[in-house]
Amino acid sequence: ELQAALGIIAMVTPQDSPAALGTLCWIRLAQGRVAEALGVADEAMAKYNAMASSGFFRAAFVRLAHAEALEAAGDHAAATAAIRAAREYVLAVADRIQDPRYRNSFLEQVPENARILTLAHTWLGE
């Protein structure tokens, strides 16, 4: 269903395309279709980079999907570079949150943000 909807999303709300592609990437990873997942993740990142935005505040989600697809495909060097960039993005956003409670919630309670920080710690040893 998502595959069928991608064309409509691209026409009606193009800023949502990276997030929709990120979701498709996760579906393909769950199906064990790693090569397809990586292709979709690359497309999601290309669209995100071209627009410098992603609808529904899903930039971290798209970045995480890309890093996980790279790792699943066996490209650890590219995956670590992607997770490093994702961590930098999440921390930069967090730095703009003045209230420490909201900042901690953003880092710890938003699933993709928490996963990015965990993977960065594990993959980068930092």
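Values in this text are rule-based calculations from the coordinates and carry no lab data. As the structure is a computational prediction, the values presented were derived from the model and not from experiment. With ideal geometry, Cβ positions are generated from the backbone for all residues, glycine too; neighbour counts draw on all protein chains shown.
Taking amide H positions as placed 1.01 Å from N in the peptide plane, with prolines and chain starts having none, which residues 5 or more places from Asp75, or on another chain, fall under 5 Å of its amide H?
Result for Asp75 returns nothing.
Per residue of the chain, what 222 nm ellipticity follows from adding -39500 (n - 2.57) for every DSSP H run with n ≥ 4, rounded to the nearest 500? Numbers along the way, then the final one.
Values: 7 runs with 100 residues, N = 126.
When only DSSP H runs of four or more count, the value is -25500 deg cm²/dmol.
Which whole-Hz couplings ³J(HN,Hα) result when phi for each residue of the range 64-76 is put into the Karplus expression 6.51 cos²θ - 1.76 cosθ + 1.60, θ = phi - 60°, listed in order with x for Gly and Pro?
With coefficients 6.51, -1.76 and 1.60, one gets 5, 4, 5, 4, 5, 5, 4, 5, 4, 7, x, 9, 5 Hz.
Using a 7 Å offset from the Cα along the Cα-to-Cβ direction at both Ala35 and Gln3, what is the distance between the two label points in nm, to one decimal?
With each label placed 7 Å out from Cα toward Cβ, I get 1.5 nm.
Could you give the size of the charge dipole of the chain about its Cα centre, using +1 on the Cβ of each K and R and -1 on the Cβ of each D and E, expressed in debye and rounded to the nearest 20? Present the calculation step by step, with values, prior to reporting the outcome.
Working: 11 positive and 14 negative charges, 40 e Å.
Magnitude of the dipole: close to 200 debye.
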